[in-house]
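Colleague: Take a look at this one; I'll ask things after.
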Amino acid sequence: MTSTSSTPSRATARSPGPHRVPPFQRGPTNPGPGLAPPLASSDAASGSGGAGLEPDAAALGDLPPDLAPIRDKVLAGVRLSREDGQALFATTDLNALGALANAVNESLNGARVTFTYNRHLNYTNVCAYRCMFCAFRRDGDEADAVVMDMDFVRDKLRREFTDTMREVHIVGGINPALPYGYYLDLLRTVKAERPNLHVKAFTMIELDAIAEIAGKPLETVLAELREAGLDSCPGGGAEVLSPRVHRKLYREKLPPERWIETCKAVHRAGLHTNATMLFGHIETTDERLDHMLAIRDIQDETGGFLQFIPLLFHPEHTPLERLGKTTGADALRTIAVARLMLDNVPHIKAYWIMLGMKIAQLALHYGADDIDGTVEEEHITHDAGGTTPQGLTTAQLAALIREAGRQPVLRDTLYQELAVVGV
Ligand code: V47
């Protein structure tokens with residue numbers, strides 16, 4: 001596996017203060033630090049009704065007739081319906097859609113665009129499932145099949161991670177050969193070597209499989225994983241929460257309703273997660289909307305999502321190679337619709353690794369307010385033909401954001417603002 005070194009850029013340090021997870025507030029007085037929402041449901045997180053957002057109404061004066069009624073609802077704080085979402089996907093005026101999403105984002109996050117200093121760690125690529133969109137999985141007997149033992153992990157943590165790094169993003173395949181103790185050891189090893197790292201690990205798919213391997217209820221497993229060092233969970237594995245797409249592309253994986261139940265259980269256990277959506281393959285825009293509405297419903301109930309991350313499908317070396325890649329316009333439209341529909345999710349991520357740096361920059365004017373992090377070693381996208389660098393330094397990320405006309409802000413996983421990176 002390749003490795004690149006990265007150090008945080010020179011930045012204006014700010015005290016992160018005591019560890020707080022204040023509520024997600026809507027409205028013009030909240031270009032505050034945009035911290036994580038609470039994990040219990042609350043009126044503030046419900047998104048519907050209420051005082052409404054106060055986007056720059058003047059900037060939204062000249063919208064086409066299909067978007068004007070939606071603008072009026074947004075300005076009045078009325079939650080958008082599925083039909084509104086359909087109109088957003090159908091509009092031919094991409095710039096107007098972007099302006100609407102941008103106004104909502106600016107009312108929530110101002111000009112700030114956040115990123116983190118992180119590194120990925122894929123402990124295994126051996127996977128029992130054969131999802132049609134995946135080029136990362138291996139059977140186990142290939143030369144490039146990976147299962148990291150603890151000595152290897154420890155060595156990696158010493159050589160490739162630093163003390164100022166904020167987050168490790170840990171995911172792997174569903175490898176039935178790994179015992180329950182492996183996952184506990186993995187977390188304990190990370191915490192022992194790099195106690196400052198926030199450990200964002202294991203998708204809902206992995207957690208469900210780990211509980212099955214452990215032969216214990218998910219709640220017990222979550223408590224034990226937390227005790228061993230788990231701090232939050234990434235958003236992968238949701239794909240598209242559609243029974244049709246599930247049947248066709250990833251039938252071995254948790255079906256949508258079990259993904260939702262697992263996610264709610266994880267939030268109830270006190271862990272924040274992200275939510276992703278894999279788009280640009282066989283799903284319809286209605287299925288994208290169903291997915292967003294499912295995420296919105298979960299968030300109303302639990303308040304546990306930090307970010308929504310639309311993941312642009314990379315088809316190379318997958319059984320879906322013939323589909324090709326979707327367009328930049330489709331990516332921007334999807335990000336803008338997500339910003340408008342997910343009125344209770346505080347942050348929309350433009351994942352630069354999958355979008356590419358150019359579309360990620362544009363996305364910062366189509367509703368996105370976060371670009372993930374330095375990443376440093378990425379396999380899932382690059383195995384599928386990704387052409388972005390494996391990683392960027394914090395200085396490069398800050399420059400990318402600044403060049404797009406936004407204010408770069410270094411954050412931790414729970415959206416504590418660590419530094420506003422100098423202008
Ligand atoms: O679960 C798999 C998707 C996910 C491909 O939570 C693919 O902060 C595109 O979830 N083309 C993993 N996508 C990545 C992920 C993620 C990344 C960055 C940050 C966070 C976060 C989460 O990628 C998988 C799957 O949904 N995926 N194969 C592919 N060929």
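The values are calculated or read from the model by the stated rules, or taken from the named source; none is laboratory data. The model shown is predicted, which means the values in this text are computed figures rather than measured ones. Neighbour counts run over all protein chains shown; Cβ positions are idealised from the backbone, glycine included.
Colleague: From T220, T276, T262, grab the single residue that is within 26 Å of P346 (Cβ to Cβ), among the β-branched types (V, I, T) and part of a helix (DSSP H, G or I). Give the steps one after another, and end with the answer.
Modeller: Values: T220 fails: within 26 Å of P346 (Cβ to Cβ); T276 fails: part of a helix (DSSP H, G or I).
Being within 26 Å of P346 (Cβ to Cβ), among the β-branched types (V, I, T) and part of a helix (DSSP H, G or I) holds for just one of T220, T276, T262, which is T262.
Colleague: Here is a follow-up. If a residue must be in contact (Cβ under 8 Å) with a residue 40 or more places away in the chain, outside any loop (DSSP other than H, G, I, E, B) and either within 12 Å of the ligand (Cβ to nearest atom) or in contact with a helix residue (DSSP H, G or I) (Cβ under 6 Å, 6 or more places away or on another chain) (or both), how many such residues does the stretch 120-152 contain?
Modeller: Initially, the stretch 120-152 is screened for residues in contact (Cβ under 8 Å) with a residue 40 or more places away in the chain, giving 120-136, 146.
With outside any loop (DSSP other than H, G, I, E, B) added as a condition, the list becomes 120-121, 124, 126.
Remaining after also requiring either within 12 Å of the ligand (Cβ to nearest atom) or in contact with a helix residue (DSSP H, G or I) (Cβ under 6 Å, 6 or more places away or on another chain) (or both): 120.
Residues meeting the conditions: 1.
Colleague: Among (1) in contact with a His (Cβ under 7 Å, 6 or more places away or on another chain); (2) within 18 Å of A201 (Cα to Cα), which single condition is F133 missing?
Modeller: The single condition F133 does not satisfy is (2).
Colleague: May I pose another question? Has the stretch 72-92 got any residue that is surrounded by fewer than 20 Cβ atoms within 10 Å (Cβ to Cβ) and within 15 Å of the ligand (Cβ to nearest atom)?
Modeller: No, every residue in the stretch 72-92 fails to be surrounded by fewer than 20 Cβ atoms within 10 Å (Cβ to Cβ) and within 15 Å of the ligand (Cβ to nearest atom).
Colleague: From D343, D330, D300, grab the single residue that is more than 14 Å from the chain's Cα centre (by Cα), more than 10 Å from the ligand (Cβ to nearest atom), in contact (Cβ under 8 Å) with a residue 60 or more places away in the chain and surrounded by fewer than 20 Cβ atoms within 10 Å (Cβ to Cβ).
Modeller: Values: D343 fails: surrounded by fewer than 20 Cβ atoms within 10 Å (Cβ to Cβ); D330 fails: in contact (Cβ under 8 Å) with a residue 60 or more places away in the chain.
Matching residue, one of D343, D330, D300: D300.
Colleague: Sort out which residues of the stretch 361-382 are among the small types (G, A, S) and within 12 Å of the ligand (Cβ to nearest atom), and write them in order of number. Break it down stepwise before answering.
Modeller: Narrowing the stretch 361-382 to residues among the small types (G, A, S): 363, 367-368, 373.
The one that is among the small types (G, A, S) and within 12 Å of the ligand (Cβ to nearest atom): G373.
Colleague: Quick check on the stretch 105-120: of everything there that is surrounded by 24 or more Cβ atoms within 10 Å (Cβ to Cβ) and aliphatic (A, V, I, L, M), which residue is modelled with the lowest pLDDT?
Modeller: Residue satisfying both the conditions and the ranking: L108.
Colleague: Can you list the strands (runs of 3 or more DSSP E) lying wholly within the stretch 333-423 that have 1 or more residues being farther than 21 Å from L60 by Cα, touching a helix residue (DSSP H, G or I) at 6+ places or on another chain (Cβ under 7 Å) and of a type in the set (D, E)? Step through it out loud before you land on a result.
Modeller: Details: elements: 370-373, 407-411, 417-420.
Strands (runs of 3 or more DSSP E) meeting the threshold: 370-373.
Colleague: Taking G385 and the conditions (1) within 10 Å of the ligand (Cβ to nearest atom); (2) surrounded by 24 or more Cβ atoms within 10 Å (Cβ to Cβ); (3) over 15 Å from R166 (Cα atoms), which numbered condition does it fall short on, given that it satisfies the others?
Modeller: It fails just one condition, (2).
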